Amino acid sequence: MRQFDFVFDDVSKSSADYVEKIETEIRKQFEYFNAVSKYNSNKVIDAFRKCNISARHFNMSTGYGYSDDSRDKLDELFATIFGAEKAIVSPQIASGTHAITVALFGILRPGDTLLSISGTPYDTLLSVLGNENDENIGSLRNFGIHYDQLELNSKDELDTENILMKLSKNKSIKVVYIQRSRGYSWRKAISISDMEKCISEIKMHFPEIIIMVDNCYGEFCETKEPTDVGADIIIGSLIKNPGGGLAPTGGYIAGKEKYIDLIAQRLTCPGVGREVGSYYASYLPFYQGIYFAPRIVCEALKGAELTSAVFQKMGFQVYPNQGQERADITQSIMFRDENIMLAFMHAVQSASPVDSCAIPYPWDMPGYADKVVMAAGTFIQGASIELSADGPMREPYIAYFQGGLSYENIKLAIMIAVDKISKIKGCI
Ligand SMILES: *Cc1c(COP(=O)(O)O)cnc(C)c1O
């Protein structure tokens, strides 16, 4: 087919050709992502039709937001897409961490135990769980809620045998928690099939246990969601996958009606629940965002795959490897060198549509032991469904890369990175 080559003045021909050549070698994998996207797009369109979405559902509301039809319809739409009985989708949820926090506090009571079965949860959740030197900031621990965790097995999968043993020993466990994405660890994301096997075993022996899944970064990476394979509650952020790059803020919680109703009491107030909550702006971008989300996730997956292939070829360790199963949109690259890691961050920033002339510097981020460097030139502040990368400045210098609303943009970032890194390392 005829090609139209656009020449970027900061990408040499050799770097561009290098990336183009690798791209032709991984086309097959792109077909798989396209097939997943096609299925998920159809699932979303089907839900829009079943829910009878109309222009009036985009209308804003004010004050208490009693009988806010747009809000209620958006909840119904997400529930339908995720095969859940009910959902809460709200711009009043400030972040993914907030959504998870509301869900945990909605379900757990003093004396209960929360058991994570995918190792240590995402960094920002640690202060929500609390620890022994905790001051009184209202963590779960401060409220007398216990926490325990199990690691993944040697194959990076849920360790069902150990989980069942733990559940039979500790009768105070009420919620079993799974983090689908890998977060800041060098491990596999949990696949839906792995989750399905483990959840069915848990449900068979301990039907009263509530399965909660942190679904951040995982939505639409596969044709099923955790709720399709027995999870009782799933949670995510709208400035990641399901916001489709358009939702300006917010989060969602979806699952069994009895749990979602309890969580709604915590989101607003006991006795009031989901009856209130207005939004003095159109709900349009939330609807448009979820509509585009499967496509946007597909762009991100293709970009992650290209990134993986290119850096593997350049001699770096990557995770996942090119061709490996992807259950979330993130890609890790181990640079083993401070300057190369920084060059990569500069490339990502300079390829961004916003703030392309900014230069990312490592900084002392609150709550982290080492300096952290971040690259993000996003339309929505901090949105990591958009082109972004970050990582702590410490051995072995791992960058976590994700998002990009268009594959072309991700490819540009990779070309610029190849250009910069080959000048340092001379590896292409
Ligand atoms: C991003 C993320 C969170 C937290 O979401 P924020 O919006 O950053 O608070 C939690 N878990 C995982 C796996 C994430 O990727």
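Summary table
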| read-out | value |
| --- | --- |
| In the range 140-180, residue farthest from His205 (Cα to Cα) [restricted to those that are loosely packed, with under 13 Cβ neighbours inside 10 Å and among the charged types (D, E, K, R)] | Lys155 |
| Test: residue in the range 107-116 that is surrounded by 19 or more Cβ atoms within 10 Å (Cβ to Cβ), closer than 26 Å to Thr249 by Cα, within 12 Å of the ligand (Cβ to nearest atom) and modelled with pLDDT of 95 or more | no |
| Verdict on Ser95 being of a type in the set (Ser, Thr, Tyr), within 18 Å of the chain's Cα centre (by Cα), within 16 Å of the ligand (Cβ to nearest atom) and modelled with pLDDT of 95 or more | yes |
| Number of positions in the range 151-170 that are away from the ligand (no atom under 16 Å from the Cβ), closer than 18 Å to Gly230 by Cβ and of a type in the set (A, V, I, L, M, F, W, C) | 3 |
| Residue check, Asp194 touching a Leu at 6+ places or on another chain (Cβ under 9 Å) and of a type in the set (Asp, Glu) | yes |
| Top-ranked residue of the range 389-403 - restricted to ones that are crowded, with 24+ Cβ neighbours inside 10 Å, in a strand (DSSP E or B) and at pLDDT 95 or above, ranked as farthest from the ligand (Cβ to nearest atom) | Ala399 |
| Tally, over the range 122-139, of residues that are buried (at least 17 other Cβ atoms within 10 Å of the Cβ) and more than 16 Å from the ligand (Cβ to nearest atom) | 1 |
| Number of the exception - Ala84 against (1) more than 26 Å from Asp214 (Cβ to Cβ); (2) of a type outside the set (Val, Ile, Thr); (3) buried (at least 19 other Cβ atoms within 10 Å of the Cβ) | (1) |
| Pick from the range 197-239, criterion among the hydroxyl-bearing types (Ser, Thr, Tyr) and buried (at least 23 other Cβ atoms within 10 Å of the Cβ), ranking: farthest from Gly289 (Cα to Cα) | Thr227 |
| Tally, over the range 362-378, of residues that are away from the ligand (no atom under 16 Å from the Cβ), assigned to a loop (DSSP other than H, G, I, E, B) and either surrounded by 15 or more Cβ atoms within 10 Å (Cβ to Cβ) or at pLDDT 95 or above (or both) | 2 |
| Filtered residue count, the range 305-342, keeping only those that are part of a loop (DSSP other than H, G, I, E, B) and touching a Pro at 6+ places or on another chain (Cβ under 7 Å) | 2 |
| Failed criterion for Ile173 (all others in (1) more than 11 Å from the ligand (Cβ to nearest atom); (2) within 17 Å of Asp228 (Cα to Cα) hold) | (2) |
| Residues within the range 255-289 that are within 16 Å of the ligand (Cβ to nearest atom) and either more than 13 Å from Gln92 (Cβ to Cβ) or of a type in the set (Lys, Arg) (or both), tallied | 1 |
| Where a residue in the range 119-138 is on the phi > 0 side of the Ramachandran plot and in contact (Cβ under 8 Å) with a residue 12 or more places away in the chain and its partner, wherever it lies, is surrounded by fewer than 16 Cβ atoms within 10 Å (Cβ to Cβ) and among the polar types (S, T, N, Q), with Cβ under 8 Å and at least six apart | Gly119/Gln149; Gly130/Asn142 |
| Pair list, Cβ < 6 Å and 6+ apart or interchain, from the range 181-192 residues that are away from the ligand (no atom under 12 Å from the Cβ) to residues that are part of a loop (DSSP other than H, G, I, E, B) and aliphatic (A, V, I, L, M) | Ser191/Ala327 |
| Test for Ile100: is it surrounded by 19 or more Cβ atoms within 10 Å (Cβ to Cβ) and within 11 Å of the ligand (Cβ to nearest atom) | yes |
| Residue in the range 198-215 that is modelled with pLDDT of 95 or more, under 19 Å from the mean Cα position of the chain (by Cα), among the small types (Gly, Ala, Ser) and more than 12 Å from the ligand (Cβ to nearest atom) present | no |
| Residue within the range 38-61 that is small (Gly, Ala, Ser), in contact (Cβ under 8 Å) with a residue 40 or more places away in the chain, surrounded by 23 or more Cβ atoms within 10 Å (Cβ to Cβ) and more than 19 Å from Lys258 (Cα to Cα) present | no |
| Failed item in (1) at negative phi; (2) in contact with a Gly (Cβ under 9 Å, 6 or more places away or on another chain), with Leu306 passing the rest | (2) |
| In the range 70-92, residue farthest from the chain's Cα centre (by Cα) [restricted to those that are farther than 20 Å from Val276 by Cα and in a helix (DSSP H, G or I)] | Thr80 |
| Candidate set from the range 223-254 (those that are assigned to a loop (DSSP other than H, G, I, E, B) and either modelled with pLDDT under 95 or touching a Ser or Thr at 6+ places or on another chain (Cβ under 7 Å) (or both)); member that is farthest from the ligand (Cβ to nearest atom) | Gly230 |
| Criterion violated by Gly119 - all others in (1) within 16 Å of the ligand (Cβ to nearest atom); (2) in a loop (DSSP other than H, G, I, E, B); (3) surrounded by 19 or more Cβ atoms within 10 Å (Cβ to Cβ) satisfied | (3) |
| Among residues of the range 15-37, those that are surrounded by 12 or more Cβ atoms within 10 Å (Cβ to Cβ) and closer than 30 Å to Lys423 by Cα, counted | 11 |
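The values are calculated or read from the model by the stated rules, or taken from the named source; none is laboratory data. This is a predicted model, so every value here is computed, not measured. For neighbour counting, all protein chains shown are included, and Cβ atoms are generated from backbone atoms with ideal geometry for every residue, glycine included.
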